[in-house]
Every structure is written in structure tokens, then in C-alpha cells.
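> Dropping the structure in here first, questions after.
The values are calculated or read from the model by the stated rules, or taken from the named source; none is laboratory data. In this text, all values refer to a predicted model and were calculated from it rather than measured experimentally. All Cβ positions, glycine included, derive from the backbone under ideal geometry; neighbour counts span all protein chains shown. Remember, those area values only see protein heavy atoms, side chains included, never the ligands or the DNA or RNA. Shrake-Rupley method; radii C 1.70, N 1.55, O 1.52, S 1.80 Å.
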Amino acid sequence: MTGAVCPGSFDPVTNGHLDVITRAAAQFDEIVVTVMINKSKRGLFTVDERIEMIAEATAHLDNVRISSWYGLLVDYAKEQGYTAIVKGLRGANDFDYELQMAQMNQKLSGVDTLFIPANPTYSFLSSSLVKEVATFGGDVADMVPEHVHTRLLARIAERAAE
Ligand code: PNS
């Protein structure tokens, strides 16, 4: 049985993430999408909300499950018995950062990272940019699933009223 961890912040999940998750799910028997908890960063969505949105967006993929983890990613991978991490690569900036993390993770644990080149349709997408654009009224409707878009606009409106 082959399995891999697909980690990230997913605040919120975008169509770019979903493209990578879908393609990873075609290569492994099981993919666990893991929301990594960062206690020093207040997200737009809670970890539970992020998990709900990923679960809804991947409900049609039988071999994808969702989890969260606080701590080193490789500790989670080892605990779960996974020997691979899967990441999407959008471009050179991602590569520099991801290569360093992949090498550190390999050194720490022997867990290897496999990269999936982003679909060019989505290579400009990031959760941060989607949030920024949506906050200032830009149209991000085709960058995230419909249910994420609805929740995103609602949360931005709530935050603006705070
Ligand atoms: O979606 P992101 O924010 O680009 O994901 C980055 C993430 C969360 C996957 C990365 O920061 C991570 O793996 N954090 C967990 C803590 C850890 O293992 N750090 C050492 C990395 S070498």
C-alpha cells in the first residue's frame, strides 16, 4: 500500500491545491491532506473549518482523507507510516523554499518529498493572494470551489465588521 502526506496551511484550500491533491491521489493508494497548525499565525479560518472545506472539495476522491497536525511534519508522516510527502511546485520561488524543506525533512527522518508541477492554469494562485484580492473586492470565484468562495466572502464581511 502506497501513501503520502500532502501538507499545507490551506487557509483556505484553492483550486491549485485541489489540482495537486487530485493528481497525487492518482499516484498513491492513499493521500492524507494534513492541515499544519501554526499557533503563531491567526488564520482567516479555524483548522476545523479548513478541514471541512477540504473534505467537501475532495468528497469524490475515495482515497483522500484529511487530518491536522501540530509539530514536525515528518513526525506525523512517520507516526502514520507514510514514507512520502507530496507538494505542488508553482515556480522558482516555491522551488528554493521547498527544496530546503525537503532536504531538511529527508535528513531528519528519511521521508522523501515528491513534487508535482502546478497546472499552469493555477500557478499564480496562493491562499494569501486569494484572501487579499477578495478582501478588496476582486473576483476570485474561479480560483476556489464554490462552497469555499461563499465562506470566504462571509468571513471577510465578518472580519470587516469586527
Ligand atoms: O501551505 P504552506 O503554508 O506553504 O505550508 C507550509 C508547511 C505548513 C507545509 C510547512 O511550513 C511545514 O511543514 N510546517 C510544519 C513544521 C515543520 O515540519 N517544519 C520543518 C520544515 S523543514
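> Using a simple charge model, +1 on the beta-carbon of Lys and Arg, -1 on the beta-carbon of Asp and Glu, nothing else, what dipole does the range 43-108 show about its Cα centre, in debye to the nearest 20?
Computed charge dipole of the range 43-108: roughly 260 debye.
> Using a 10 angstrom Cβ neighbour count of at most 10 plus a DSSP loop assignment to flag exposed trypsin sites (Lys or Arg not before Pro), which longest range of the chain is free of such sites?
Free of exposed loop sites, the longest segment is 43-162.
> I've got another one for you. At most 16 other Cβ atoms within 10 Å and a DSSP loop assignment: could you name the chymotrypsin sites (Phe, Trp or Tyr not before Pro) in the range 1-100 that fit?
Loop-located and lightly packed - 70.
> Test of understanding: extend the Cα→C-beta vector of residue 107 to 7 Å, then name every residue of the range 49-89 with backbone N under 17 Å from that spot.
The answer is 72-75, whose backbone nitrogens lie closer than 17 Å to the label point.
> Right, here's the next one. What is the dipole size for the chain, taken about its Cα centre, with +1 at each Lys and Arg Cβ and -1 at each Asp and Glu Cβ, in debye to the nearest 20?
Here the chain has a charge dipole of around 380 debye.
> How large is the accessible surface per residue of the chain, computed with a 1.4 Å probe and reported in Å² as a whole number?
Per residue, the chain has 55 Å² of solvent-accessible surface.
> Something else about it: Looking at the calculated P(r) for the chain, what percent of the C-alpha pair distances fall above 27 Å?
So the portion of pairs separated by more than 27 Å is 21 percent.
> Taking the Cα centre of the chain as the origin and placing charges on Cβ (Lys, Arg +1; Asp, Glu -1), which of 8, 20, 73 is farthest toward the positive end of the dipole?
73
> Over the range 16-128, with every protein chain in place, what whole percent of the accessible area is carbon and sulfur at 1.4 Å, could you tell me?
That share works out to 52 percent.
> Tally Lys and Arg at +1 and Asp and Glu at -1 over the other residues with C-beta under 12 Å from the C-beta of residue 34: what net charge comes out?
Computed value for this residue: +1.
> Right, another one. Determine the order of 34, 150 by accessible area, beginning with the largest, at a probe radius of 1.4 Å.
My answer, sorted largest first, is 150, 34.
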